[in-house]
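The structure appears below as structure tokens.
The values are calculated or read from the model by the stated rules, or taken from the named source; none is laboratory data. From a predicted model like this one, the values you see are computed outputs, not experimental measurements. Because the Cβ atoms are built from the backbone with ideal geometry, glycine has one as well, and the counts that use them run over all protein chains shown. The area values use the complete protein model at the heavy-atom level, side chains included, leaving out ligands, DNA and RNA. Shrake-Rupley method; radii C 1.70, N 1.55, O 1.52, S 1.80 Å.
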Amino acid sequence: MISQRLRSWGRIFSVVTVILLPQTIRAETIRIGDIGNQPTAQIKRFAPLAGYLAKQLESEGIAEGKVVVAKSISEMDTLLRQRKVDLFIDSPFPVLAVSRLSGSKFLVRRWKRGLAEYHAVIFVRKDSGIGQLEDLKGKMFAFEEPFSTVTYILPKMVMVQKGLKLVQKKSAADPVAPEEVGYIFVGDDPNTMFRVLRGKTSGGVMNNQNYQREARGYLETLKIIYETFSIPRQIVSYRADLNPKLVARIKEILVKMDQSEEGRKALKDFEQTTKFDEIPDQAMLSLSKLQKFIDTELGIK
């Protein structure tokens, strides 16, 4: 059953039963999926990886690599179940949500722009009088966007576990009750920083790397009140009924990409990816924690 809270996120999910259909050993195209609303730009970003994989998989009967862009998590769920996407690469929240719905499975971890993992940094102005998460009661808080792992889902999980009651508001000017934490979505890191510095919101959140960049020049004005545990920067997953031999070969290719000149070039062209590697056990534990919260958010039992 899907919670009514999903409607505020602007997407409707449906719980499905994954039916394993017969899978041919060879396929002509390897399809990599992404979610977003700028398909031309996203296809361009993922094309180097799709092309490299297709070339390396020629002996497996793969003739070309394609990039498929979905508009939502629910659409990606459908594309995976319809075999229109073979691999899905994204940050943990979308990957975990799609996996929960479609049955897709984790393959490897992606090091994006030099980061294997990242975490959320919750910050305020030093003169705000806020020293811990509980002090945010009665205040307005800035999240980035409703489908972000580190700038929404992860910090929200921590805040809820601390007993805070989060209530979404239409604007930063809306009243906030004493026992709740009001929040708005502001779109990006620069906007988050601007609102906190100007006092439009009492606090905000960024990933640790972006905070270091955006806070440069304001370190005397800001302070961090909480840092979450780390999670994988991105995860490569695959559809549940993809041929196991093909899955094994794809995994082998990905984890060895950084060991050849051609592979390193493809990695660099793919948004400055450093490498792909196995998902560590500790990272799997972090994902498990996040999965339980996501299930609660989605109303999945």
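Show me, for the range 224-236, the HN-Hα J-couplings you get by feeding each phi into the Karplus relation (A = 6.51, B = -1.76, C = 1.60, θ = phi - 60°), rounded to Hz, glycine and proline as x.
Once θ is set to phi - 60°, the couplings for the range 224-236 become 8, 10, 6, 10, 7, 6, 8, 9, x, 4, 8, 10, 9 Hz.
Using θ = phi - 60° and the Karplus curve 6.51 cos²θ - 1.76 cosθ + 1.60, what whole-Hz ³J(HN,Hα) does each residue of the range 93-104 get, with Gly and Pro shown as x?
In residue order, the calculated couplings are 4, x, 5, 5, 5, 5, 4, 5, 7, 9, x, 4 Hz.
Roughly how many debye, to the nearest 20, is the charge dipole of the range 151-293 about its Cα centre, given +1 on each Lys and Arg Cβ, -1 on each Asp and Glu Cβ, and no other charges?
Using Cβ point charges on Lys, Arg, Asp and Glu, the range 151-293 gives about 260 debye.
Residue 70's amide H: which non-local residues (gap 5+, or another chain) put their own amide H closer than 5 Å, with H modeled 1.01 Å from N in plane and none for Pro or chain starts?
34, 35, 36
Whenever you get a sec, line up 43, 279, 30 from highest to lowest accessible area (probe 1.4 Å, protein heavy atoms).
So the residues, ranked largest to smallest area, are 43, 279, 30.
Calculated from the structure, percent of Cα pairs over 36 Å apart equals which of [x] 21; [y] 12; [z] 24?
[x]
What ranking, highest mean first, results for peptides 181-190, 197-206 when packing means the other Cβ atoms within 10 Å averaged over each residue?
Going from most to least packed, we get 197-206, 181-190.
At a Förster distance of 51 Å, what's the computed FRET efficiency of residue 194 paired with residue 58, Cβ-Cβ distance as r, to 0.05?
The calculated FRET efficiency here is 0.55.
Calculate, axis by axis, the spread of Cα positions in the range 112-271 along the three principal axes, and write the results as whole Å, longest axis first.
57, 38, 24
What residues have an amide H closer than 5 Å to that of residue 180, excluding those fewer than 5 places away on the same chain, when H is modeled at 1.01 Å from N in the peptide plane?
Placed amide hydrogens put 138 under 5 Å from residue 180.
Carbon-plus-sulfur fraction of the accessible area of the range 205-301, 1.4 Å probe, in percent?
48 percent
Hey, how many Å between the Cα centroid of the range 176-203 and the Cα centroid of the range 65-115?
That distance is 30 Å.
Provide the per-residue ³J(HN,Hα) series for the range 41-48, in order, calculated from phi with Karplus coefficients 6.51, -1.76, 1.60 and θ = phi - 60°, each as a whole number of Hz, with x at glycine and proline positions.
Once θ is set to phi - 60°, the couplings for the range 41-48 become 5, 5, 4, 4, 5, 8, 4, x Hz.
Counting DSSP beta bridges with both partners in the range 116-256, what percentage is antiparallel, nearest 5?
55 percent
So which lysines pass the test for residue 170, namely a Cα distance under 25 Å, with those fewer than 8 places away in the same chain ruled out?
List returned: 71, 137, 139, 156, 162, 200.
Express the accessible area of the chain per residue in Å², computed with a 1.4 Å probe while the remaining protein chains stay in the model.
48 Å²
In whole percent, how big is the carbon plus sulfur part of the accessible area of the range 76-195, probe 1.4 Å, protein atoms only?
On the range 76-195, the fraction of accessible area on carbon and sulfur atoms equals 47 percent.
Ranking request for peptides 127-133, 170-176: highest mean number of other beta-carbon atoms within 10 Å first, then the rest in descending order.
Order by mean packing, descending: 127-133, 170-176.
Regarding the range 166-236, what's the average projected area of the Cα-atom convex hull, expressed in nm²?
Taking the Cα atoms of the range 166-236, their convex hull projects to 6.2 nm² on average.
Per-residue ellipticity at 222 nm for the chain, helices alone: DSSP H runs ≥ 4 residues times -39500 (n - 2.57), over residue total, nearest 500 deg cm²/dmol?
Computed ellipticity for the chain at 222 nm equals -10000 deg cm²/dmol.
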